[in-house]
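Notes follow the structure.
The values are calculated or read from the model by the stated rules, or taken from the named source; none is laboratory data. Owing to the predicted nature of the structure, the values given are computational and were not obtained by experimental measurement. Positions of Cβ are generated from backbone atoms using ideal geometry, with glycine treated the same way; all protein chains shown enter the neighbour counts.
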Amino acid sequence: MTMDFSRDKPIYSQLVDRICGDILRGKLLLGDRLPSVREYAVETGVNVNTVQRVYKELEAMNITETKRGQGTFITTNEERIELLREDMKNQLAANFLTSIEALGFSKEEMLVVLKNKA
Amino acid sequence: MLQLSNVSFQYKKKPILQDVSFSFPIGQIIGLVGENGSGKSTLMKVLAGLLQPTAGEVTLNGKQVTRRSADQIAYLPDTDLFFEYYSGEQLFQYYASQFEDFSYDKACIVAQYLQVDKSTKLRQLSKGNRGRMKMAATLGREVPYYLMDEPFAGLDPIVREQLIKGLIQFTDIENQSILLSTHELYEVEPILDRIILLQAGSITAYEEVETLRDVTNKNAVEWMKGFYRPSVNDTDRSR
């Protein structure tokens, strides 16, 4: 299926997030080969130029590496992925704080709710 | 480079295109949007060399575009212009006889990818399947420019998604460009590099789709709607 994209973010950054999410969830493993640019473009229903930008971005973030003539692979550097995990956690927390602030909830009262949820 | 310089087109003294200038670079998929009657089909035909502009000129790599430019430009019309007693195979053979760049094999591969039977007569195909066949015939051509007039109009979402994937799969965006007109902007946006808005025969906006999202936090549909609001001040006053 093609993907649905949220309206307020560039498509390429939504795809970067998606691939990072797949790594963190273990759907993509360290050292795994990513599909070719065209394969991924067809899979997600997105312009080839956009996917090229996604792959470039991931490489600049040192999350993937390109081996000449072989394709693009997820890094085998565990520390890098650990860092990605921490970054994502912080980002998620920051988003959450912004959302509860907008509704006037305090961190403390939300913590109680979060603990009881589990 | 396919270029329009100060192009105007009149039909029975009624202006359809007004002083349009534009260059289509290679390596992009560009969406042409605008209301019905804004001149999209006419613009396509002028670019394809099927209509002569009343003023201004259309050039391809510096040479004037005429009907003969068809060897560089594949045009997909919005109407069913094909002989309905042809089967897909016969349609592909006809294309092969008209266009040197046409690959019968590629057209068959595209037809197979789009899951449409090439031995059935066009008349016996559903509208969706005729749309698929038209796309297969067009993509069977190997040209730098594809001009597609409403390739997704009137087709169900499943067919539209398939055609979109076919477009990605069977074009080489490093060496080719696609200009396609559409009203299905929400679905088509992810495959577009840029978008042109045509209003009353003039290009009123031209943007990179990703920049729109980045800078204005709007997707293409919302961005486009902004050009049709009566006036921003009016909405402010009503609050």
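Only residues that are without any contact (Cβ under 8 Å) to a residue 60 or more places away in the chain, within 17 Å of the chain's Cα centre (by Cα) and either within 12 Å of A:Asn47 (Cβ to Cβ) or in a strand (DSSP E or B) (or both): list them for the range B:178-204, please.
B:Pro190
If you go through the range B:147-175 and keep only what is crowded, with 20+ Cβ neighbours inside 10 Å, more than 14 Å from every other protein chain (Cβ to nearest Cβ) and under 15 Å from the mean Cα position of the chain (by Cα), you end up with B:Leu147, B:Met148, B:Asp149, B:Glu150, B:Pro151.
For the range A:38-46, check the following and say yes or no: at least one residue is more than 25 Å from B:Ile158 (Cα to Cα), among the acidic types (Asp, Glu) and free of Cβ contacts under 8 Å to residues at least 12 places away in the same chain. Don't jump to the end; show me each part of the working.
The first filter runs over the range A:38-46 and keeps only residues more than 25 Å from B:Ile158 (Cα to Cα), leaving none.
There is no residue in the range A:38-46 that is more than 25 Å from B:Ile158 (Cα to Cα), among the acidic types (Asp, Glu) and free of Cβ contacts under 8 Å to residues at least 12 places away in the same chain.
Criterion first (among the acidic types (Asp, Glu), more than 19 Å from A:Met3 (Cα to Cα) and away from chain B (no Cβ under 14 Å)) does A:Glu78 satisfy it? In short, yes.
Looking at A:Asn62, A:Asn90, can you tell me which residue is touching a helix residue (DSSP H, G or I) at 6+ places or on another chain (Cβ under 6 Å), more than 9 Å from chain B (Cβ to nearest Cβ) and modelled with pLDDT of 95 or more?
A:Asn62
Considering the range B:205-225, and only residues there that are among the charged types (D, E, K, R) and assigned to a strand (DSSP E or B), the residue that is nearest to the other protein chains (Cβ to nearest Cβ) turns out to be B:Glu208. Among the residues making up the range A:1-38, those that are in a loop (DSSP other than H, G, I, E, B), more than 13 Å from the chain's Cα centre (by Cα), more than 13 Å from chain B (Cβ to nearest Cβ) and surrounded by fewer than 19 Cβ atoms within 10 Å (Cβ to Cβ) are A:Leu29, A:Leu30, A:Gly31, A:Asp32. Tallying residues that are within 11 Å of chain A (Cβ to nearest Cβ) and within 23 Å of A:Ser13 (Cα to Cα) within the range B:176-191 yields 6.
Each row is one residue, and each column tells you yes or no for (1) within 22 Å of the chain's Cα centre (by Cα); (2) at pLDDT 90 or above.
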| site | (1), (2) |
| --- | --- |
| B:Gln52 | yes, yes |
| B:Phe83 | yes, no |
| B:Gln98 | yes, yes |
| B:Asp105 | no, yes |
| B:Cys108 | yes, yes |
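Here the condition is being within 14 Å of another protein chain (Cβ to nearest Cβ) and either of a type in the set (Lys, Arg) or touching a Leu at 6+ places or on another chain (Cβ under 7 Å) (or both); of B:Gly39, B:Gly27, B:Gly31, it holds for B:Gly31 alone. Scanning the range B:56-76 for any residue that is of a type in the set (Val, Ile, Thr), touching a strand residue (DSSP E or B) at 6+ places or on another chain (Cβ under 8 Å), farther than 26 Å from A:Asn49 by Cβ and modelled with pLDDT of 90 or more turns up nothing. Would you check if A:Thr44 is over 14 Å from the mean Cα position of the chain (by Cα) and either of a type outside the set (A, V, I, L, M) or surrounded by fewer than 10 Cβ atoms within 10 Å (Cβ to Cβ) (or both)? In short, yes.
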